[in-house]
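For reference, the structure discussed in these notes is given below.
The values are calculated or read from the model by the stated rules, or taken from the named source; none is laboratory data. Please read all numbers here as calculations on a predicted model, not as lab measurements. Here the Cβ positions follow ideal geometry from the backbone for every residue, glycine too, while neighbour counts run over all protein chains shown. We work out accessible area using only protein heavy atoms, side chains counted, and drop any ligands, DNA or RNA first. Shrake-Rupley method; radii C 1.70, N 1.55, O 1.52, S 1.80 Å.
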Amino acid sequence: MTGQAKLAKALAATGIDAFLATSDPAIYYLSGFATNAYERFTGALVLADGGLRLIVPSLDARSAAEHAPGVELRSWSDGDDPLELVIDELRRQGLERGTLGVEELRMPVAWADRIRSALPSLAVENGGEILSGLRARKGPGELVRLKAACVALSRAFDELCDRLHAGLTEVEVAVTLAELIAAAGARVPFQPIVAAGANGAKPHTTAGDRRLERGNIVVADASATDGGYFADITRCFVVGSPSSEQRSVYEIVRRAQEAALEALRPGASGGRVDRAARDVIETHGYGPYFVHRTGHGLGVEVHEAPFLAPGSETVLEEGMVVTVEPGIYLPGSFGIRLEDDAVVTANGCELLTSAGRDLSACGGSAGR
């Protein structure tokens with residue numbers, strides 16, 4: 001069943017007459033049209049009877065018609081008011097007194113206010129949780145694309161160690177990793193995170209001009225897409241040989257990941273899986289240095305529901321795909337993160353990523 005059909009069925013069950021998606025990932029999920037609309041309004045209007053209307057800037061009309069064949073398409077030009085097309089469509093459907101669901105966290109207030117002003121008897125309410133719940137449970141076709149992205153990304157990481165040596169900059173490593181991902185047959189949605197030495201203790205740093213030195217832990221985190229679906233992996237490499245402290249911390253993180261994967265199963269809460277990883281790290285005295293959630297969902301976005309976070313009561317279901325990525329970050333010294341992707345199965349979970357999970361010792365000198 002397509003995303004459009006799933007949402008239409010959910011709308012009919014909840015009494016919402018139509019749903020207006022305005023974020024690029026949701027539009028792709030519902031229609032198959034991948035857009036980068038920037039500030040220009042683009043919307044996918046799904047009706048409870050199963051109908052779908054795409055409202056796009058005129059410069060995207062041909063692409064939308066190609067990628068969403070059979071969908072009723074309405075376009076607007078610069079200088080037009082695109083919300084007039086939404087309002088007109090709602091009137092055509094007789095929904096002036098109906099209920100419209102929107103992506104509350106993604107839709108600008110000005111757009112919602114414009115619709116409310118034109119249709120004061122229309123109820124506009126948040127329907128984002130309905131859509132995110134549907135997106136969280138992957139169908140067979142979605143899993144095929146996710147698995148293909150995971151295979152390509154795993155291959156790239158397995159080849160990266162042979163390209164590392166002292167003297168390279170973080171940016172140079174990030175470029176190399178992106179090239180390996182592309183060579184493996186996947187798309188690179190954004191520059192990989194590469195952090196060497198003390199930079200590795202900053203979980204969301206960006207690759208810079210720092211050069212790799214002997215003894216550095218290098219944290220590499222990258223995503224890849226296939227058919228619009230994301231894979232996400234983090235691995236750690238050491239330039240030369242790891243110290244005893246580096247080995248010890250890495251082993252704690254690996255055991256934390258194993259504990260989370262063991263807890264990852266239908267019926268478990270996101271908070272329970274997070275706690276399984278956190279317990280291992282806290283037992284070894286590193287609790288204050290695990291500064292983020294254990295994982296997040298994957299799909300048409302690299303971060304989407306469900307989330308493996310402290311206190312999360314989200315109940316995991318078969319077909320959900322998540323990252324499992326505990327970490328320890330020691331300011332001024334180094335960081336360790338180990339991230340893999342897994343799908344919840346009937347009896348537990350299945351790993352989708354296969355890159356080696358050892359702390360790989362790579363070349364220590366330039367020109368290797």
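Can you give the accessible area per residue of the stretch 61-171, in Å², using a 1.4 Å probe?
50 Å²
Taking Cα atoms, how many degrees apart are the long axis of helix 244-263 and the longest axis of the chain, rounded to 10 and kept between 0 and 90?
40 degrees
Order 235-241, 177-183 from most to least packed using the mean count of other Cβ atoms within 10 Å.
Ranked by mean Cβ neighbours within 10 Å, highest first: 235-241, 177-183.
What 222 nm value per residue comes from the helices of the chain, counting each DSSP H run with n ≥ 4 as -39,500 (n - 2.57) and dividing by all residues, nearest 500 deg cm²/dmol?
That comes out to -11000 deg cm²/dmol.
If you take every DSSP beta bridge whose two residues both sit in the chain, what share of them, in percent to the nearest 5, is antiparallel?
Looking only at bridges with both residues in the chain, the antiparallel portion is about 75 percent.
Using a/c under 1.5 as the rounded threshold, could you call the stretch 125-166 rounded, prolate or oblate? The axes a ≥ b ≥ c are square roots of the C-alpha gyration tensor eigenvalues, and prolate needs a/b larger than b/c, oblate otherwise.
Cα axes put the stretch 125-166 in the oblate bin.
Expressed as a whole number of Å, what is the distance separating the alpha-carbon centroids of the stretch 160-207 and the stretch 11-85?
36 Å
Would you please put 195-202, 122-129 in order of how densely packed they are, using the mean number of other Cβ atoms within 10 angstrom per residue and starting with the highest?
The most tightly packed comes first, giving 195-202, 122-129.
Restricting to Cα pairs below 8 Å that are 6+ residues apart, what does the relative contact order work out to for the stretch 17-170? Please round to a whole percent.
19 percent
Mind ranking 246-253, 150-157, 280-287 by how tightly packed they are, going by the mean number of other C-beta atoms within 10 angstrom, highest first?
Ranked by mean Cβ neighbours within 10 Å, highest first: 150-157, 246-253, 280-287.
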